[in-house]
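The values are calculated or read from the model by the stated rules, or taken from the named source; none is laboratory data. It should be emphasised that the depicted structure is a prediction, and the values quoted were computed from it without experimental measurement. Quick reminder, even Gly has a Cβ in these numbers, built from the backbone with ideal geometry, and neighbours come from all protein chains shown.
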Amino acid sequence: MKSPVLETRRAVVIEVAKKYPGGQVCASARLSLDLKRFKNQVYESGGVVPLSDEEVYVLESEQGTTHLPDYICAMYGGVFVRLPEVGDLDNVDMHQRSLRTSVKRGRVDQFLALALEDGEITAAEAAEILALHAKHLAARHEEVTALIELHKSKRSARTPSGKG
């Protein structure tokens, strides 16, 4: 199973370019770059500057992936959590978020069980488990934040105990 968080910025850029709908031809056109220059920037060859964070963001936003923020957050020992779009929230969206969170937790538990079949967890298995766990935590945080946004009180602040 491949790790959800890529190891280097270069690996992130290559993955984003490979998975872009329509391939590298469409990705280069989307960024208004000549295909040869685009490939040189992606693979950091030909003495050209790599794609900027903004360019990677443009490509990722159309794919719905978060490889770059996942990579950057992992460098700092954190996880990327997408903040919910307030206008998009409803009970159906909340149910979908809950299902996604459950699936991610299930992946953690499934991989833990698989890793423990031989009685020990290797360093590679531990890294995979922690990467999957980070994805689960991010999904859960996103779900909780969305629920708060959806049901945020329109009235002035009140004390949690109900007094006052």
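I'd like the residue in the stretch 13-55 that is in contact with a Gly (Cβ under 9 Å, 6 or more places away or on another chain) and of a type in the set (Lys, Arg) and, out of all such residues, is farthest from residue 71 (Cα to Cα).
Filtering the stretch 13-55 for residues that are in contact with a Gly (Cβ under 9 Å, 6 or more places away or on another chain) and of a type in the set (Lys, Arg), the one farthest from residue 71 (Cα to Cα) comes out as 36.
Can you tell me which residue within the stretch 117-129, out of those that are free of Cβ contacts under 8 Å to residues at least 60 places away in the same chain and hydrophobic (A, V, I, L, M, F, W, C), is surrounded by the most Cβ atoms within 10 Å (Cβ to Cβ)?
Within the stretch 117-129, the match that is surrounded by the most Cβ atoms within 10 Å (Cβ to Cβ) is 129.
Tally the residues that are in contact with a helix residue (DSSP H, G or I) (Cβ under 6 Å, 6 or more places away or on another chain) and of a type in the set (Val, Ile, Thr), restricting the search to the stretch 87-111.
Residues meeting the conditions: 2.
What single numbered condition from (1) β-branched (Val, Ile, Thr); (2) more than 22 Å from residue 104 (Cα to Cα); (3) at pLDDT below 95 fails to hold for residue 5?
Here residue 5 meets the rest and fails (2).
Give the residues of the stretch 57-89 that are touching a His at 6+ places or on another chain (Cβ under 8 Å) and modelled with pLDDT of 95 or more, sorted by residue number.
60 - this is the single residue of the stretch 57-89 that is touching a His at 6+ places or on another chain (Cβ under 8 Å) and modelled with pLDDT of 95 or more.
Could you tell me whether residue 143 is of a type in the set (D, E, K, R) and not in a helix (DSSP H, G or I)? Give the steps one after another, and end with the answer.
Numbers: of a type in the set (D, E, K, R): yes; not in a helix (DSSP H, G or I): no.
So residue 143 does not fit the description; no.
Looking at (1) farther than 19 Å from residue 5 by Cβ; (2) buried (at least 17 other Cβ atoms within 10 Å of the Cβ), which one does residue 69 not meet, given that it meets all the others?
(1)
Does residue 17 qualify as being buried (at least 19 other Cβ atoms within 10 Å of the Cβ), modelled with pLDDT under 90 and small (Gly, Ala, Ser)?
When the stated conditions are applied, residue 17 does not pass them.
Would it be correct to say that residue 121 is in a loop (DSSP other than H, G, I, E, B), over 30 Å from residue 24 (Cα atoms) and not assigned by TED's automatic domain parsing to the domain that holds residue 16?
Answer is yes for this residue.
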